[in-house]
Amino acid sequence: MKAEILSLRIVHDGWTKFGLAKVRLADGTEAEREIEDHGDSVGVLPYDPERRVATLVRELRVPPLYVSGEQSQLEAPAGLIDDGSPEENARREVLEETGLRLHDLESVGTTYSCAGISTEQIHLFLAPYRTTDRETGGGGAEGEHENIKVVEMSLSDLAGMAATGQVRDLKTLALVLALQARHPRLFAAEGDSREVALTPDEGARPGQ
């Protein structure tokens, strides 16, 4: 016997949708399970292979603020998929959040972010860039109150944070490990390993 959903009752329908599913399990027993549905998403780790740095963002995440008082999280740029392909959405999100216009995307894969509760599948990408690809200061879409701070940090420092449990965001951890596995030569320690915040003036091209 295969497991199947017998019924689904929606208990909240807003930005995200919550439902209670009545499920018949493979052994024939019935159980109730919760489902959260807000659509699929993309996550991207932009990196400069020449300078051996990555561009990430810091922003407030209210659930971590509620659980442990964290004022911000260091993350790879990410966002929900609207219209278009995952690749199109990945490029749009990175441009909005960091000011980088991406060209090449390397797919890492598509994973469930939290299969025990959520339907979300996140499409993960690595993306090389150059300094000339930075068009604006980033900061997020206007009107969404994201208050994003764009930061650059060395890949060796980022790998060190991942190895010591300081990367708290799962998609970001997965992307850092994927970049290490696929392009290990980029992680030789050299250069300045400090996290550097980019102001809007520093992020934009001359004359913008």
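The values are calculated or read from the model by the stated rules, or taken from the named source; none is laboratory data. In this text, all values refer to a predicted model and were calculated from it rather than measured experimentally. Please note: Cβ atoms are built from the backbone with ideal geometry, for glycine as well, and neighbour counts cover all protein chains shown. The accessibility values were calculated without ligands, DNA or RNA, using every heavy atom of the protein model including side chains. Shrake-Rupley method; radii C 1.70, N 1.55, O 1.52, S 1.80 Å.
Could you calculate the contour length gain from Glu32 to Lys17, that is, 0.36 nm times the residue separation minus the distance between their Cα atoms, to one decimal place in nm?
Gain on stretching Glu32 to Lys17: 3.7 nm.
Each of Gln166, Val62, Ala90 was placed along the dipole of the chain (beta-carbon charges, centred on the mean Cα), and the one lying farthest toward the positive end is Gln166. For the stretch 149-165, the Karplus equation 6.51 cos²θ - 1.76 cosθ + 1.60, evaluated at θ = phi - 60°, returns couplings of 9, 8, 10, 10, 8, 5, 5, 5, 5, 5, 5, x, 5, 5, 5, 9, x Hz by residue, with Gly and Pro reported as x. Spatially, the stretch 102-140 and the stretch 3-81 are offset by 15 Å when compared through their Cα centroids.
The largest accessible area among Met153, Met1, Met161 belongs to the first residue in Met1, Met161, Met153, and the rest follow in falling order (1.4 Å probe, all chains).
Put simply, when 26-32, 132-138 are sorted by average Cβ atoms within 10 angstrom per residue, most first, you get 132-138, 26-32.
Across the stretch 3-15, coupling constants 3J(HN,Hα) worked out from phi with the 6.51/-1.76/1.60 Karplus curve, θ = phi - 60°, read 5, 8, 8, 8, 7, 9, 10, 7, 9, 7, 9, x, 4 Hz, and Gly and Pro carry x. Translational diffusion coefficient of the stretch 1-81 (Stokes-Einstein, Kirkwood radius from Cα pairs, 10 °C, 1.306 mPa s): 97 µm²/s. About its Cα centre, the dipole of the chain is roughly 500 debye, where the only charges are +1 on Lys and Arg Cβ and -1 on Asp and Glu Cβ.
Taking amide H atoms as placed 1.01 Å from N in the peptide plane, the amide H of Ser118 lies under 5 Å from those of Glu36, each 5 or more residues away in sequence or on another chain.
The lysines whose alpha-carbon is closer than 20 Å to the alpha-carbon of Lys171, local same-chain residues fewer than 8 away aside, are Lys149.
Assuming charge only on the beta carbon of Lys and Arg (+1) and of Asp and Glu (-1), the dipole of the stretch 1-111 about its Cα centre is about 220 debye to the nearest 20.
With the charge dipole of the stretch 49-187 set up from +1 on Lys and Arg Cβ and -1 on Asp and Glu Cβ about the Cα centre, the Cα lying farthest toward the positive end among the listed residues Leu179, Ile117, Thr131 is that of Leu179. Between rounded, prolate and oblate, where does the stretch 75-186 land on the alpha carbon gyration tensor, with a ≥ b ≥ c its root eigenvalues, rounded for a/c under 1.5, else prolate if a/b exceeds b/c? Taking the square roots of the gyration eigenvalues as a ≥ b ≥ c, the stretch 75-186 is rounded.
Between 0 and 90 degrees, the angle of helix 86-98 with respect to the longest Cα principal axis of the chain falls at about 50 degrees.
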